[in-house]
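Worksheet for the structure shown next.
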Amino acid sequence: MATSPPASEAPALPLADRTIGEVSDLLRARKLSSVELVRACLERIARDGERLNTFLAVGDEAALEAARDADRALAAGDERPLLGIPYALKDIFVTKALDEAGQPLPGGLPTTAGSKILDGYRSPYASSAEDRLRAAGAILLGKTNCDEFAMGSSNENSAFGAVHNPWDESTVPGGSSGGSAAAVAAGEAFFALGTDTGGSIRQPASLSGIIGLKPTYGRVSRYGMVAFASSLDQCGPFARSVRDVALVLGAVAGHEPRDSTSVDTPVPNYAEALKGHVRDLRLGVPREYFVAGMEPGVEKAVRAAIDLLEELGAEIVEVSLPSTDKGLATYYIIAPAEASANLARYDGVKYGYSAGDDDLLTNYLRSRGQGFGPEVKRRIMLGTYALSAGYYDAYYLKAQQVRTLIKAEFDDVLEGVDALIAPTSPSVAFEIGAKTQDPLLMYLNDACTLPVNIAGLPGVSAPCGLSDGLPVGLQVIGRAFDEATVLRIADAYEQAAGFGSLRPPTAHD
Ligand code: GLN
């Protein structure tokens, strides 16, 4: 059970390592300023950022200026819960860097999607998620490193180098939102946004010992998110407590008229939904999620978490999702197929990098050949093949049929239980380089997360202990648009288990 004391008895953590809940109380009591918070993060970035390779761009001047504005608003009694809180954005979200006339804005941040092919690209607009966070008073610190076009599970596919896990710097933080996860774990930001197409929020949250939520497809707008696989991509928060994640979700969720895939349903008050208990809930444990090859230490921690939820009064039942083992094959047809179409736009003419060849066809070929990294090329080839005449029915159509089956199995099981509990990842953080030569081994990382994207459901990962000194994640999967129950379970678990106060060795001043 709990190996760390409840937060209230633990010695106070350095400012940069506390939760939004803790620091916003201090902000409101005027015992702390937003400028101090931004400085605490910037100091961490200056101390550890280069070594961990977490950020691709930092906007310190703009952040400090926004913090001064936030301090004035706080002094005037503004009560917005994220007011004055510094955060980081995965570099897959565009950030406005050009004015209306197309001229560079001073301090405008580049957008790379972790790729050389966007070299020199400046976006003329901001993402919906960033717009909403700005309106909520949160302060953007900068853009975080990520796998190229969000393709990866270890953050080793970034054109800007691997990200290091603050728990053990020889290991990966998970991917593709590894920079966001490592930044939050290391106290470089109070929260961060990532994207999850097949696990890229939950898996790095698990490997980095923090909370990460993938909302229901359509819950948060994809407007301004560089597209990887449009029917799977979803934006979501990382933070150091479930309550913090609930606050951020509340700020970014909701219908966006500029995005036809965002859904027009009311956004509940997620923080109010955290009831602190699970006594009235029935939770399903899908037996297929304890996959072959799962590390014993991971299984042990997850089983202990399930026992704790039972002790807390939840009814635990074993359930079956028989098509789980088809998830990987289904995903690796659908995601590359959509990626091959989405990435056709990078042609050396419209955006970023150009090989500069006078002949148009040669320029297309060279720009793409030099601009894209090996994993992106592999996906484009896989996807193009799966969509080509003669193979479409055998691969793409078949994958869509299996997708429907996977979704139906979830819907069926979720009629009998309030949510599912499972491991997030079969392993803890692994050594940098350990799986790069074997794409199939790498793809297995997402065996427990991919099906949730295929079905479009919400899922959260929360720390449930350590194995070999590295964090393990517990995954809670819910019904569509029922993020409230998913967060409620993770929060009740976090309170009882005490793992909310786990921090990596970088957590000291
Ligand atoms: N690891 C998976 C992939 O490489 C998922 C990535 C993601 O969720 N963006 O495609």
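Data overview
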{"item": "Computed P(r) (all Cα pairs; region 107-215; 5 Å bins; percent)", "result": "2, 14, 22, 24, 21, 13, 4, 0"}
{"item": "Cα-based equivalent ellipsoid of region 99-166: semi-axis lengths in Å, sorted from largest, via gyration tensor", "result": "24, 17, 10"}
{"item": "For the chain, the fraction of alpha-carbon pairs in successive 20 Å shells from zero, as %", "result": "25, 60, 15, 0"}
{"item": "Computed FRET value (nearest 0.05) for Glu315 with Met381, which takes r as the C-beta separation and R₀ as 45 Å", "result": "0.40"}
{"item": "Surface/4 of the Cα convex hull for region 246-355, nm²", "result": "12.2 nm²"}
{"item": "Three semi-axes of the equivalent ellipsoid, region 414-498, Cα gyration tensor, whole Å, largest first", "result": "25, 18, 8"}
{"item": "For region 369-509: relative contact order, % (alpha-carbon pairs under 8 angstrom, 6 or more apart)", "result": "21 percent"}
{"item": "Computed lengthening from Arg68 to Asp280, 0.36 nm per intervening residue step minus Cα-Cα distance", "result": "71.8 nm"}
{"item": "Local net charge near Asp168, Cβ-Cβ under 11 Å (Lys/Arg +1, Asp/Glu -1)", "result": "-3"}
{"item": "Region 258-296 and region 397-431: distance between their alpha carbon centers, rounded to Å", "result": "12 Å"}
{"item": "The chain, dipole about Cα centre (Lys/Arg Cβ +1, Asp/Glu Cβ -1), debye to the nearest 20", "result": "480 debye"}
{"item": "Accessible surface, the chain, averaged per residue in Å² (probe 1.4 Å)", "result": "37 Å²"}
{"item": "Cα extents of region 265-326 along the three principal axes, largest first (Å)", "result": "39, 31, 19"}
{"item": "Debye log10 I(q)/I(0) for region 191-272, one point scatterer per Cα, at q = 0.15 Å⁻¹", "result": "-0.49"}
{"item": "Percent carbon-and-sulfur accessible area, region 50-120, ignoring ligands, DNA and RNA, probe 1.4 Å", "result": "51 percent"}
{"item": "GluC sites (Glu not before Pro) lying in DSSP loop within region 28-86, provided at most 15 other Cβ fall within 10 Å", "result": "Glu79"}
{"item": "Cα Rg over Rh - region 1-125, Kirkwood", "result": "1.04"}
{"item": "Normalised alpha carbon radius of gyration of region 313-407 [divisor 2.2 N^0.38 Å]", "result": "1.51"}
{"item": "Rg followed by Dmax, in Å, when region 163-210 is reduced to its Cα trace", "result": "9.2, 26"}
{"item": "Net dipole in debye of region 191-247 [+1 Lys, Arg Cβ; -1 Asp, Glu Cβ; about Cα centre; nearest 20]", "result": "120 debye"}
{"item": "The chain, helix-only ellipticity at 222 nm - DSSP H runs n ≥ 4, -39,500 (n - 2.57), divided by all residues, nearest 500", "result": "-10500 deg cm²/dmol"}
{"item": "Kirkwood Rh, Cα atoms: Rg over Rh of region 388-433", "result": "1.21"}
{"item": "Lys300-Gln401 FRET efficiency (beta carbon distance; Förster radius 35 Å; 0.05 resolution)", "result": "0.40"}
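The values are calculated or read from the model by the stated rules, or taken from the named source; none is laboratory data. If you're wondering where the values come from, they're calculated on a predicted model, not measured in any experiment. Neighbour counts run over all protein chains shown; Cβ positions are idealised from the backbone, glycine included. Accessible surface areas use protein heavy atoms only, side chains included; no ligands, DNA or RNA. Shrake-Rupley method; radii C 1.70, N 1.55, O 1.52, S 1.80 Å.
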